[in-house]
1. For B:F104, B:F10, A:F75, what's the fewest-to-most ordering of other Cβ within 10 Å of each Cβ?
2. Run the numbers on the stretch B:84-137 and let me know its relative contact order in percent, using alpha-carbon pairs under 8 Å that are six or more apart.
3. Counting partner chain Cβ atoms within 10 Å of every residue's Cβ in B:117-124, what's the average?
4. Please work out the Cα center distance from the stretch A:1-54 to the stretch B:12-47, rounded to the nearest Å.
5. Dipole of the protein assembly as shown (Lys/Arg Cβ +1, Asp/Glu Cβ -1, origin at the Cα centre): which of B:W69, B:T46, A:H41 lies farthest to the positive side?
6. Taking 41 Å as R0, compute the FRET efficiency from the Cβ-Cβ separation of B:A12 and A:A18 and round it to 0.05.
7. Can you put B:T116, A:T65, B:T7 in order of Cβ neighbours within 10 angstrom, beginning with the fewest?
8. Please arrange A:C26, B:C107 by counting, for each residue, the other beta carbons lying within 10 Å of its beta carbon, fewest first.
Amino acid sequence: MKLHIRYFASLRESIGRAGEDIELPCEQISVAALREHLAAHGADALGDTDKLRAAVNQVMAGPQTAIGDGDEVAFFPPVTGG
Amino acid sequence: MSVSVQTGDFDAGRECADLLAGRDDVGAVASFIGVVRGDGDVAAMTLEHYPGMTEKALEAIVAEARSRWPALVRVRVIHRVGRLAVGDQIVFVGVAGGHRGEAFAACEFIMDYLKTRAPFWKQEETAEGVRWVEARGSDDEAAARW
């Protein structure tokens, strides 16, 4: 499946890019498993799960949220608006 | 349009007037304005966001407020992005209701939820350089009480 990955704020700066398009040899994956995969393939900053949040298709997601083909998955630090 | 994400400033007085316009069932308008505070040596800040998700998240928060306080008449949320100086307005939340109870409560609820659920990130500028603002646990506690 193909996924569009996006990074924001301090995480984008740590990883050094705003996102990436990837292809995985599976039809479904959890947010937690995708994070581990990306952390092991160049996005080292995703290894620190303590201050990491995620969204799938622009909706806040948890570690067990399922991701499928064509999804947009974003990783970012805890939000600080307002 | 109840939600706006914009670089430009807003006129809170006009926004409050718009909440009332054409309605005779409004008995209370509660509003909140967030401002860039000159903490220590902070001179300015830049707000980054997640275009697309930001608007959806704010609309979801407004929808949640409307389901919790069905008597709400109108809700307006404006959040600015980009570079803002100390003293600049950042965020406006205005809530019109039949009575003050739901107006006060919904206004505070929307701000508490926005602080923890809307994808905005602040980067502060100081004499030493720039630094990302860390999320505060007290914001999570404020959102959790609802």
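None of the figures in this text is laboratory data; all of them are computed from the coordinates on show. All figures in this text were calculated on a predicted structure; none of them were measured in a lab. Backbone-built Cβ (ideal geometry, glycine too); neighbour counts: all protein chains shown.
1. Details: B:F104 14, B:F10 19, A:F75 25.
Ascending number of Cβ neighbours within 10 Å: B:F104, B:F10, A:F75.
2. Values: 24 pairs, mean separation 9.8, N = 54.
So the answer I get is 18 percent.
3. Numbers: counts 4, 4, 11, 6, 11, 5, 4, 1.
Taking the mean over all residues of the peptide, I get 6.
4. 36
5. B:W69
6. Working: r = 34 Å, r/R0 = 0.82.
With a Förster radius of 41 Å, E is 0.75.
7. On the way: B:T116 22, A:T65 18, B:T7 10.
The most exposed by this proxy come first: B:T7, A:T65, B:T116.
8. Details: A:C26 11, B:C107 23.
Lowest to highest Cβ neighbour count: A:C26, B:C107.
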